[in-house]
Amino acid sequence: DAGVTQSPTHLIKTRGQHVTLRCSPISGHKSVSWYQQVLGQGPQFIFQYYEKEERGRGNFPDRFSARQFPNYSSELNVNALLLGDSALYLCASSLVPDNSPLHFGNGTRLTVT
Amino acid sequence: GQQVMQIPQYQHVQEGEDFTTYCNSSTTLSNIQWYKQRPGGHPVFLIQLVKSGEVKKQKRLTFQFGEAKKNSSLHITATQTTDVGTYFCAGHAGGTSYGKLTFGQGTILTVHP
């Protein structure tokens, strides 16, 4: 079975631009979470979706938004990019949304210049 | 908000030596998970602890969850070069936090052959 797949793997954007990151969960997993990992730190929770509904939101500005599709894949959108948004964006899927181990994808490395 | 702290930040050992990383949460956790991230990779789930005082072993790795469910530790016996990476603890607060995992900042382990 394929693991969690994310696209693109790398992205370079300019301040003020918009970006869309994509994630396909492991087959059978209905919950998708997004995390931001800045170099040298642990992943920080951004969003969790389950059955297309937002189940949780971390301490990120409204420039960050996400959605989940009927096939359980997900998109993370970031508007008005700032230099500080440069990070590894990790998508993780799990069977259920609560207290389940997370299966992470390889991430999207976003660089904002 | 909930904070999870890990110590030490770095640990350099000779191959064959033991290694321990400690994790402390500012709040009581419903469960704690441990992940390993190799350089350039993504976090990979190692184990989940749920019960107060729980101890679990995976070959040379021993995981403990404190009696108060606010701290945890990972001990590796006789480290090998394959143990190199960053070890993260991540806690679930439970309740309305749903599936949000709060990660510690990680302990970077280097093993000298």
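The values are calculated or read from the model by the stated rules, or taken from the named source; none is laboratory data. It should be emphasised that the depicted structure is a prediction, and the values quoted were computed from it without experimental measurement. Note: ideal-geometry Cβ built from the backbone for every residue, glycine included; neighbour counts use all protein chains shown. These area figures cover heavy atoms from the full protein model, side chains too; ligands, DNA and RNA do not enter into them. Shrake-Rupley method; radii C 1.70, N 1.55, O 1.52, S 1.80 Å.
A few comments on the model shown:
- Cβ pairs under 9 Å, 6+ apart, first in the stretch A:35-61 and within 8 Å of chain B (Cβ to nearest Cβ), second basic (K, R) and outside any strand (DSSP E or B): A:F45/B:K100; A:Q48/B:K100; A:Y50/A:K30; A:R55/B:K100; A:G56/B:K100; A:G58/B:K100
- Taken together, the residues in the stretch A:23-38 that are under 19 Å from A:E53 (Cβ atoms) and open to solvent by 30 Å² or more (accessible area, probe 1.4 Å) amount to 3.
- Number of residues in the stretch A:53-65 that are modelled with pLDDT under 95, surrounded by fewer than 14 Cβ atoms within 10 Å (Cβ to Cβ) and part of a loop (DSSP other than H, G, I, E, B) equals 1.
- Candidate set from the stretch B:77-103 (those that are free of Cβ contacts under 8 Å to residues at least 60 places away in the same chain and under 14 Å from B:V13 (Cβ atoms)); member that is least open to solvent (accessible area, probe 1.4 Å): B:G85
- Take the conditions (1) away from chain A (no Cβ under 11 Å); (2) out of contact with any Leu (no Cβ under 8 Å at 6 or more places or on another chain); B:V13 misses just one of them, which is (2).
- Single match in B:L61, B:L74 (criterion: open to solvent by less than 30 Å² (accessible area, probe 1.4 Å), hydrophobic (A, V, I, L, M, F, W, C) and in contact (Cβ under 8 Å) with a residue 40 or more places away in the chain): B:L74
Rundown of residues vs (1) closer than 27 Å to B:I47 by Cα; (2) away from chain B (no Cβ under 14 Å); (3) in a strand (DSSP E or B); (4) out of contact with any Asp or Glu (no Cβ under 6 Å at 6 or more places or on another chain), yes/no style:
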residue	(1), (2), (3), (4)
A:R67	no, yes, yes, no
A:N71	no, yes, no, yes
A:L81	no, yes, no, yes
A:G84	no, yes, no, yes
A:L88	yes, no, yes, yes
A:C91	yes, no, yes, yes
A:V96	yes, no, no, yes
A:N99	yes, no, no, yes
A:T111	no, yes, yes, yes
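- Among the residues here, A:N77 does not qualify as without any contact (Cβ under 8 Å) to a residue 12 or more places away in the chain and either crowded, with 16+ Cβ neighbours inside 10 Å or more than 11 Å from chain B (Cβ to nearest Cβ) (or both).
- Scanning the stretch B:21-47 for residues that are surrounded by 24 or more Cβ atoms within 10 Å (Cβ to Cβ), outside any loop (DSSP other than H, G, I, E, B), within 11 Å of chain A (Cβ to nearest Cβ) and not aliphatic (A, V, I, L, M) yields a count of 4.
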